[in-house]
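What follows draws every value from the coordinates through simple rules; no lab data is involved. These numbers come from a predicted model, not from an experiment. With ideal geometry, Cβ positions are generated from the backbone for all residues, glycine too; neighbour counts draw on all protein chains shown.
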């Protein structure tokens, strides 16, 4: 969802969608990330990382990078 919001915001020059993406990532608490047992790209932590990094690329001041790092650490611990 984050990836889609960012890319659509760029395509239609509607940057308020990036604010919506920030609202979505505010739901990704460390506790929620640690409890997540889905690790794939389509609906899991790996997919969250892709969306988070896309948002961070668009808005470098975004907290998305820190959340992506937390997700990456969770993914690595699962291996």
(request) With only alpha-carbon atoms counted, please give the Rg and Dmax of the stretch 17-59, in Å. (result) 10.6, 28
(message) What FRET efficiency comes out for residue 79 versus residue 3 if R0 is 30 angstrom and r is the Cβ-Cβ distance? Round to the nearest 0.05.
(response) 0.80
(message) If you scale each eigenvalue of the Cα gyration tensor by 5 and take the root, what three semi-axes come out for the chain, rounded to whole angstrom and sorted largest first?
(response) 23, 12, 10
(message) Once you place label points 7 Å from the Cα toward the Cβ at residue 39 and residue 15, how far apart are they in nm?
(response) 3.8 nm
(request) Compute the long axis of helix 64-78 from its Cα atoms, compare it with the longest principal axis of the Cα atoms of the chain, and write down the angle in degrees, 0 to 90, nearest 10. (result) 20 degrees
(message) Using alpha carbons only, how many angstrom separate the centre of the stretch 9-50 from the centre of the stretch 51-79?
(response) 9 Å
(request) For each of 69, 12, count neighbouring Cβ atoms within 10 Å of the residue's Cβ, then give the residues from fewest to most. (result) 12, 69
